[in-house]
Amino acid sequence: MRKQVLAFLALSSLGLWAQDDLLAELNAMAPEAPKQFAFATFKGTKLVNGSTVEMPGAGVGQFIVGHRFGALNDKPLYNLFGMDVAQIRFEYSYNPVAWLNVGLGRSSGSKTYDGFTKVRLLHQSKGGKGLNSPVSVVWYSSMTLTTVPFTDGFDHFFTDRLAYAHQLMVASKLNDKVSVQVAPTLVHFNLVPLASDRNDQLGLGFSGRYKLTQRMALTAETMFRQTPFAGTHMPLSIGLDLETGGHVFQFHVTNARSMADPQWMMQTPGSWANGDLFLGFNISRVFTHVKPKELR
Amino acid sequence: MKKIFALAALGLSLMASAQKLTSKDTQVHINASTPVEDIDAVLNNAVGILNTETNEAVWQLQIQSFTFKRALMQEHFNENYMESTKFPKATLRAKIGGVTDWNKPATYKGGIKGQMEIHGVNKDVSIPVTITVNKDGSVSIESEFSVRTADYGIEIPRLVVSKVAEVVKVTVKSTLKGA
């Protein structure tokens, strides 16, 4: 009996080897593993106020609502930690193709309209044939138009209301948990507060995320500025990303209350040192307008 | 006697190199839909190999090849559920039963016994299949079966449990041809 069992075991192990041989043959048949592109470098197309290298997929649109409440140090109990007053920004963007994202937004702060474009230049990858890139590179440009009346008593051109921001976002998903992004930034203001202020402002944006769990991540973003305007401070935001299927919820605390690009990048009046902090959140929802061709 | 038997078995498995059929365009459709959300994905580049002498077969697919209707679902599938950078492939090692003659055109209701590896977890499986030996000598294998995500250590959080089915329907169509 025992011998029979042994024989059976020997046989079944032979069978197993045969299958492993088959597997080896299979791998020889399809030797090249496909190139793997980094995905979900960040959970959202924005981290807090700043953009990330992420964009919705081809044929997908995304709606984001952003809220920034009042200052935490402005009668916090009376104003319920700023909850009684809020600024709001809506944004809708669309990817006609995988590498291009275009969108429009409107922020209640300074009643600012904006339009933006993201172009993916390089996608982080590994494996497969050909060269791999350790980073993803995305070009980002936006234009803002403020529509609050001027209160300085001077006549103004329409173009005085315009400002532009350009960023070269370079990001890397270092591992499952940690992603970082560096973004050399140029902001151009058609109108600056003082004649001695420069219209072109240089900055260097830093963003990072650390995944706590599969669906929760800590985030932070800031922007170093070369020639800051008088009375402005470096923006610094710390956030928590929560992902629930189709939505990403981003909660944060920041000294940059404005959500329009040139304003949060270069014109943040409050500072962490003074406790000029604001609670806020972004909620995003994606809509698939064009299905991938495999599923049409 | 037993030695002869073992030798014969060894000989058989060595001899077996002649009769191999392969597929590079096996279609796999997965469906984890719930009343709340349609979740399905396809791929058509799974590879398979069948040894008709030993009735053994192996199929393998790249998790990242699945295309979803919603790009975000595809991202979540890879990032949160399958962890496809860590576990890029799924494999089925199979022994096919129910076919009496691989050379005569006919259709058989058969079965597969073997091991399925998904998400780095190996499990014994038993799957019903329909096997058709075609006139040109190729073999078509079709199957529909269910995969319980928990069996493979794929966690579906309570927050989305109403949106993502815990038992995923899998449909496979594979046509294996001679060289």
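The values are calculated or read from the model by the stated rules, or taken from the named source; none is laboratory data. All values derive from a computational prediction rather than experimental measurement. FYI the Cβ positions are ideal-geometry reconstructions off the backbone, even for glycines, and counts take in every protein chain you see.
The condition (being surrounded by 17 or more Cβ atoms within 10 Å (Cβ to Cβ) and on the phi < 0 side of the Ramachandran plot) is satisfied by just one residue among A:N95, A:N79, A:N73: A:N95. Looking only at residues of the range A:1-42 that are at the interface with another protein chain (Cβ under 7 Å from one of its Cβ atoms) and closer than 30 Å to A:D176 by Cα, we find that the one that is modelled with the lowest pLDDT is A:A30. Consider A:S51 carefully, then state whether it is surrounded by 17 or more Cβ atoms within 10 Å (Cβ to Cβ), closer than 30 Å to A:L295 by Cβ, at pLDDT 95 or above and more than 14 Å from chain B (Cβ to nearest Cβ). Here the answer is yes, as A:S51 does meet what is asked. For B:E79, indicate whether it is touching a His at 6+ places or on another chain (Cβ under 8 Å) and surrounded by fewer than 22 Cβ atoms within 10 Å (Cβ to Cβ). Spelling it out, it is not the case that B:E79 is touching a His at 6+ places or on another chain (Cβ under 8 Å) and surrounded by fewer than 22 Cβ atoms within 10 Å (Cβ to Cβ).
Being within 11 Å of chain A (Cβ to nearest Cβ), under 26 Å from the mean Cα position of the chain (by Cα) and hydroxyl-bearing (S, T, Y) is the filter here; which residues of the range B:149-164 pass it? If the condition is that a residue be within 11 Å of chain A (Cβ to nearest Cβ), under 26 Å from the mean Cα position of the chain (by Cα) and hydroxyl-bearing (S, T, Y), then no residue fits.
Tell me whether the range B:148-156 contains one or more residues that are out of contact with any Cys (no Cβ under 7 Å at 6 or more places or on another chain), free of Cβ contacts under 8 Å to residues at least 40 places away in the same chain and assigned to a strand (DSSP E or B). Yes, the conditions are met somewhere in the range B:148-156.
When B:V121 is tested against (1) out of contact with any strand residue (DSSP E or B) (no Cβ under 8 Å at 6 or more places or on another chain); (2) farther than 27 Å from A:R215 by Cα, exactly one condition is not met: (2). Once the range A:263-276 is narrowed to residues that are surrounded by fewer than 23 Cβ atoms within 10 Å (Cβ to Cβ) and touching a residue at least 60 places away in the same chain (Cβ under 8 Å), the residue that is farthest from B:A71 (Cα to Cα) is A:N274.
Filtering the range B:73-118 to residues that are out of contact with any helix residue (DSSP H, G or I) (no Cβ under 9 Å at 6 or more places or on another chain), basic (K, R) and within 14 Å of chain A (Cβ to nearest Cβ) leaves B:K86, B:K113. Taken as a whole, the structure places A:T185 among residues that are in contact with a helix residue (DSSP H, G or I) (Cβ under 8 Å, 6 or more places away or on another chain) and on the phi < 0 side of the Ramachandran plot. Here A:A163, A:A230 are screened, and the one residue that is surrounded by 18 or more Cβ atoms within 10 Å (Cβ to Cβ) and away from every other protein chain (no Cβ under 14 Å) is A:A163. Based on what the data block shows, is B:E37 surrounded by 16 or more Cβ atoms within 10 Å (Cβ to Cβ) and at pLDDT 90 or above? It is false that B:E37 is surrounded by 16 or more Cβ atoms within 10 Å (Cβ to Cβ) and at pLDDT 90 or above.
Among the residues of the range A:260-279, is any out of contact with any Gly (no Cβ under 9 Å at 6 or more places or on another chain), in the same structural domain as A:V178 (by TED's automatic domain parsing), of a type in the set (A, V, I, L, M, F, W, C) and over 23 Å from A:S142 (Cα atoms)? There is at least one residue in the range A:260-279 that is out of contact with any Gly (no Cβ under 9 Å at 6 or more places or on another chain), in the same structural domain as A:V178 (by TED's automatic domain parsing), of a type in the set (A, V, I, L, M, F, W, C) and over 23 Å from A:S142 (Cα atoms). For the range B:49-62, taking the residues that are buried (at least 21 other Cβ atoms within 10 Å of the Cβ) and more than 9 Å from chain A (Cβ to nearest Cβ), the one that is farthest from B:N31 (Cα to Cα) is identified as B:T52.
Identify the residue in the range A:284-296 that is among the aliphatic types (A, V, I, L, M) and surrounded by fewer than 17 Cβ atoms within 10 Å (Cβ to Cβ) and, among all such residues, is nearest to the other protein chains (Cβ to nearest Cβ). Here the answer is A:L295.
Go through the range A:135-155 and report how many residues are of a type outside the set (V, I, T) and exposed (fewer than 12 other Cβ atoms within 10 Å of the Cβ). Total meeting the criteria: 5. B:K169 meets all of the listed conditions (1) within 29 Å of A:V286 (Cα to Cα); (2) within 14 Å of chain A (Cβ to nearest Cβ); (3) among the charged types (D, E, K, R); (4) touching a residue at least 24 places away in the same chain (Cβ under 8 Å) but one, namely (2).
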